[in-house]
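Participant: Structure below; questions to follow.
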Amino acid sequence: MTEPRRDGVFGETVANYIRPMALVIFRRDDGAILVAPGYDRVKQQRFYRPLGGGIEFMEPAEEAARREIREELSVEVTDLRLLAVLENIFTFLGQPGHEIIWLYEARFADPSFYQRDILHADESGADFEVHWVPLETFLSGQAPLYPDGTLEALTSV
């Protein structure tokens, strides 16, 4: 995932190459999904994005998804399944970005993660919060869910 700022909001850098990513969606029984907040100062836009991050050279996307969640939340995942592969061409902080994303859905091995409204995650030593946000927030257009195509992948299941 992009580097978190010190205030816990994601997104300060954009890679200048096509970046392979593995992102993971978790759903609660009430329909909320676990997402990290982000903010684009240039667009003055708050947005949300699933957890996950970059796929390393020679690392299968599924293993990257498991590793990223283990690193960020210190928890194992179960029932990992591929929802979609998305191409994300975007502008962030005024800079162009390009990602190929393997979007997964999974379950937490530890069910207590579903009982907390806010979870604390770690990205390279920087703490940030992730939130359970009702899917309706994104369906109604109250907030964008990135990357583009994520909402469609979630609602076509």
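Participant: Would you please name the residue that is nearest to ALA22 (Cα to Cα), looking only at residues in the range 79-101 that are charged (D, E, K, R) and exposed (fewer than 12 other Cβ atoms within 10 Å of the Cβ)?
Facilitator: If we filter the range 79-101 for residues that are charged (D, E, K, R), which is where we start, we get 79, 81, 87, 99.
Of the ones still in play, those that are also exposed (fewer than 12 other Cβ atoms within 10 Å of the Cβ) are 79, 81.
Values: ASP79: 15, ARG81: 12 Å.
Per the criteria, the residue is ARG81.
Participant: List the residue pairs whose Cβ atoms are under 9 Å apart, where the first residue sits in the range 68-84 and is closer than 12 Å to PHE26 by Cβ and in contact (Cβ under 8 Å) with a residue 24 or more places away in the chain, the second is surrounded by 14 or more Cβ atoms within 10 Å (Cβ to Cβ) and basic (Lys, Arg), and the two are 6 or more positions apart or on different chains.
Facilitator: Once the first residue is closer than 12 Å to PHE26 by Cβ and in contact (Cβ under 8 Å) with a residue 24 or more places away in the chain and sits in the range 68-84, its partners that are surrounded by 14 or more Cβ atoms within 10 Å (Cβ to Cβ) and basic (Lys, Arg) give VAL77/ARG66; VAL77/ARG107; THR78/ARG107; ASP79/ARG107; LEU80/ARG66; LEU80/ARG107.
Participant: Is there a residue being within 17 Å of PRO37 (Cα to Cα), surrounded by 13 or more Cβ atoms within 10 Å (Cβ to Cβ) and in contact with a helix residue (DSSP H, G or I) (Cβ under 7 Å, 6 or more places away or on another chain) anywhere in the range 102-121? Reasoning before the result, please.
Facilitator: Looking only at the range 102-121, we keep the residues that are within 17 Å of PRO37 (Cα to Cα), and these are 116-121.
When the remaining residues are screened for being surrounded by 13 or more Cβ atoms within 10 Å (Cβ to Cβ), the result is 119-121.
When the remaining residues are screened for being in contact with a helix residue (DSSP H, G or I) (Cβ under 7 Å, 6 or more places away or on another chain), the result is 119, 121.
Yes, the conditions are met somewhere in the range 102-121.
Participant: Now a separate question. I'd like to verify a number: residues in the range 118-140 that are within 19 Å of ASP30 (Cα to Cα), out of contact with any strand residue (DSSP E or B) (no Cβ under 6 Å at 6 or more places or on another chain) and not aliphatic (A, V, I, L, M), how many?
Facilitator: 3
Participant: Further question: With a cut-off of at least 2 residues that are farther than 23 Å from LEU135 by Cβ, name the strands (runs of 3 or more DSSP E) lying wholly within the range 27-125.
Facilitator: Details: elements: 32-40, 45-49, 51-54, 77-92, 95-108, 118-123.
In the range 27-125, the matching strands (runs of 3 or more DSSP E) lie at 77-92, 95-108, 118-123.
Participant: Taking into account only those residues within the range 48-60 that are of a type in the set (A, V, I, L, M, F, W, C) and crowded, with 20+ Cβ neighbours inside 10 Å, which is farthest from GLY149 (Cα to Cα)?
Facilitator: ILE55
Participant: Could you grab me the full set of residues in the range 126-157 that are in contact with a Lys or Arg (Cβ under 8 Å, 6 or more places away or on another chain), among the aliphatic types (A, V, I, L, M) and part of a strand (DSSP E or B)?
Facilitator: Residues satisfying the conditions are ALA126, LEU145.
Participant: If you don't mind, another one. Name the residue that is nearest to HIS120 (Cα to Cα), counting only residues in the range 29-65 that are touching a strand residue (DSSP E or B) at 6+ places or on another chain (Cβ under 6 Å) and of a type in the set (Lys, Arg).
Facilitator: Filtering the range 29-65 for residues that are touching a strand residue (DSSP E or B) at 6+ places or on another chain (Cβ under 6 Å) and of a type in the set (Lys, Arg), the one nearest to HIS120 (Cα to Cα) comes out as ARG49.
A short reminder: the numbers here are calculations on the coordinates, not readings from a lab. None of the values given here were measured: they were computed from a predicted structure. Virtual Cβ from ideal backbone geometry, glycine too; neighbours counted across all protein chains shown.
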